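Nothing in this text is a laboratory measurement; each read-out follows from the coordinates by a stated rule. Everything quoted here is computed from the prediction, not taken from an experiment. Cβ coordinates were reconstructed from backbone atoms using ideal geometry, including for glycine residues, and neighbour counts include every protein chain displayed.
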Amino acid sequence: MTTRLILVVAVAVIVAAGLLAGVLVERRAGARRYRWLLAPLYRASRGPAVAVLLLAALYVAIRAYPGAGHHPGRHVVVVLLIASVTWLILRALHVAERVAFSRLPGETRADRRVRRARTQIRPVRRLTSVVVTVAAIGLILTTFPALRSIGLSVLTSAGVIGALLGLSARTALGNAFAGIQVAFADGLHLGDVIVVDGQWGRVEEVKLTNVVIRLWDDRMLILPTTWFTEHPFQNWTRHETRVIGEIRIHVDHTVDLDDLRAETRRLIESSPLWDRHQWVLQMVDATPQTVVVQIQASAADGPSAWDLRCDVREGVIRYLRDHRPEWMPRTRNEYHP
């Protein structure tokens, strides 16, 4: 009876200490200096922390019993304690990720260092969570005498379990390693405007196994991360978010480029989408029937550049149709009697 009483008292003291610690942390967070970290950490880890303290108290109390080494409850408590510690670590990792994101600007036009940080944080957290989970599974397996060797194999990433994982999930593992490579190779960030297989869009999410791209028409293109390590792609905003839009128009050889350039300038300067950085109109090619005029204009980001290109193209075509129809492409035939 005395031992049971000690067990109950120990459990009660541990639970009370956990709750008291939570209250103290919450009050300390009220000072506002560390509230951004302590408040979410306390709310997320309160449950698993109390579970860890409770199971630790049970483990210590059970060891006080005579012959506790063979007590069945001791093994159950050890397994639950490992699971609870893992739960607590995973919660802390999630809190660290949310806090890190909350301290970064959320705008898609944030500078390159911020976008790189947002790209790298989530894959690192996910990989760390996987490592912690696998380590916990290995520790739990080592508590069973019959499975001890398997548990050690899991902990050392070797043996039959590692071979089976490598054979059955080599594609997923390859994508996971590619995700880490993409995150740290500094070639792709969240919010970047990229062109993939002739389609351009903005990087919406970078995961360990795939990259989600929001295309210009709001479709979602999901590609495995290995695609970005094995194929070339265009990144329009690797160093800055400004994008230069480009259009090409075929016109007749009789076109007056100075007149067309003046109208193009009027269209671009009157557009709120132009960022007042640069624009140019040039003849870049000639065919037997037409000359090719290229117009380039910069915009603050990819979507703005797309809309600016459409507006300028529409305005130039309207000007040619209504005011200079003789500059439209035409086919000539000469007749010699």
With a point put 7 Å past each Cα toward its Cβ, work out how far ARG318 is from TYR59 in nm, to one decimal.
7.4
For ARG276, ARG98, ARG309, what ranking results if the residue with the fewest other Cβ atoms within 10 Å of its Cβ goes first?
ARG276, ARG98, ARG309
Under 9 Å, Cβ to Cβ, from VAL291 - net charge with Lys/Arg +1 and Asp/Glu -1
-2
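What FRET efficiency would be calculated for the residue pair GLN278, ASP218, taking the C-beta separation as r and a Förster radius of 41 Å, to the nearest 0.05?
The calculated FRET efficiency here is 0.90.
Among residues other than ARG248 whose Cβ falls under 11 Å from its Cβ, what is the net charge (Lys/Arg +1, Asp/Glu -1)?
Surrounding charge for ARG248 is 0.
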Most exposed first by the Cβ proxy, i.e. fewest other Cβ within 10 Å, how do ASP252, ASP259 rank?
ASP259, ASP252
